[in-house]
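Have a look at the structure below before the remarks.
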Amino acid sequence: MTTPQFHSPKDAQFHILKAERSEGFYAKHNMASLDSATFNEWAVVVLFYISMHYIDAVLSQDTSLPEDLRDPTDHPTRNRAVSQCSSLTSVGSMYLNLYQRSRDARYNRICFPNDFVYKLEKISFKPVREYTRKQLGLS
Amino acid sequence: MPEKLSKKGPSIWDEIDKILEKEQFPKARFPKSRLTYHWILHEPMPTRHAYPTRMLLQNWLELLNRAREFPRTEFYDDITELRGEIDSLRAAVNSLTQELASSRKRIDELSKKVDVVCSRTKTNTVAKLCEAYLKIVSSIDMAKKVLVAETMDVATIWTIIDAPPFEDSLRTPICDAQLRILSMLKEQISLDFNVLNVSELSENQQPDDIIPVNAKLIWER
């Protein structure tokens, strides 16, 4: 296994590599099939994390945004950036839902039902992933 | 060396008497050697009548005293000058320390005033954003309560909804409302949102178990 070479400073390529690496983790551990008995909350967290890096990649290329929004360092700033990035308007609410669900998974002691990961993938994750990858010129 | 001499100064007469009596003039009480005498006193050998009296030894003592005072007189100006410089530097340091303390006090006072103004501005901004958010969510049936929890770093708006559990597509209007509010935010204020669906809680859980204790209710259906 080769060690990925991440870019510095963090640019679109850095975030794309992080997102794709996390997707590899998600697929390798077959996380879509996790249920509540096998800790499916972590699948929710990984889905959010992948989305976050695709979102960051798009934000980093939006020169109309102020510097702090192009390279957000916390979630509230990133959410604000999403709301003000014209190229993310169509997936903003889906991303916010993934953000909310990752918080439920980590902090709010919400127990997700068995089919939840599949539903979240379909309703929020896939639209964000496909849209942002298209924006980034990826297949 | 001068200090040593100074300490032993009071007993020097005894020492001189002892040396002269026992070693130089043990018997005749006259110096046996002119050279020895000369070596001690740096003076020509006195005549018999001038045998070492206290007066002659007084000369020797004066010589010793001069030797003892030698370093002090030789370096007096330098030491005085250095001491003067040290004193003036010390005074300058004291003055600067006082100025620094005064400035620090002033900075603290101004900082408190700035904090108060920022806090007021932040509170006003958050209040306006909450008002705008309430206008939107109050028209969404599933929204039941809105609370605000503020910390030094972030203000979090909690929206309590009652909707079919884990049907996330139903939450879209709430997320859209949040995006709308975030897009209005121009200041460097950290605003966060949290949504809690009461129908997703387990039987033994209450919303109060999850919502921060400092959250204030700002709207209820």
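Every number in this text was worked out from the coordinates using simple rules, so none of it is lab data. None of these values were measured; they are calculated from a predicted model. Don't worry about glycine lacking a Cβ; one is built from the backbone with ideal geometry, like all the others, and counts go over all protein chains shown.
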When the stretch B:175-210 is examined, which residues are found to be among the acidic types (Asp, Glu), in contact with a helix residue (DSSP H, G or I) (Cβ under 8 Å, 6 or more places away or on another chain) and surrounded by fewer than 18 Cβ atoms within 10 Å (Cβ to Cβ)?
B:176, B:187
Have a look at A:37, A:19, A:32 and point out the one that is touching a His at 6+ places or on another chain (Cβ under 8 Å) and assigned to a helix (DSSP H, G or I).
A:19
If you check residue A:44 against the conditions, is it under 24 Å from residue A:112 (Cβ atoms) and either in contact (Cβ under 8 Å) with a residue 12 or more places away in the chain or surrounded by fewer than 21 Cβ atoms within 10 Å (Cβ to Cβ) (or both)?
yes
Among the residues of the stretch A:124-135, is there at least one that is crowded, with 23+ Cβ neighbours inside 10 Å, touching a residue at least 12 places away in the same chain (Cβ under 8 Å), within 11 Å of chain B (Cβ to nearest Cβ) and in contact with a helix residue (DSSP H, G or I) (Cβ under 9 Å, 6 or more places away or on another chain)?
yes
Residue B:177: passes all of (1) among the small types (Gly, Ala, Ser); (2) part of a helix (DSSP H, G or I); (3) at the interface with another protein chain (Cβ under 8 Å from one of its Cβ atoms) but (3)
Kindly provide the set of residues from the stretch A:113-122 that are at the interface with chain B (Cβ under 10 Å from one of its Cβ atoms) and of a type in the set (Asp, Glu), ordered by number.
A:115
Can you tell me how many residues in the stretch B:139-156 are more than 11 Å from chain A (Cβ to nearest Cβ) and under 54 Å from the mean Cα position of the chain (by Cα)?
10
Among A:64, A:33, A:102, A:93, which is of a type in the set (Ser, Thr, Tyr), more than 21 Å from residue A:139 (Cα to Cα) and in contact with a Ser or Thr (Cβ under 6 Å, 6 or more places away or on another chain)?
A:93
Residues that are among the basic types (Lys, Arg) and facing chain A (nearest Cβ under 10 Å): does the stretch B:201-216 have at least one?
no
Considering each of B:132, B:127, B:163, B:149 in turn, give the residue that is without any contact (Cβ under 8 Å) to a residue 12 or more places away in the chain and surrounded by fewer than 21 Cβ atoms within 10 Å (Cβ to Cβ).
B:127
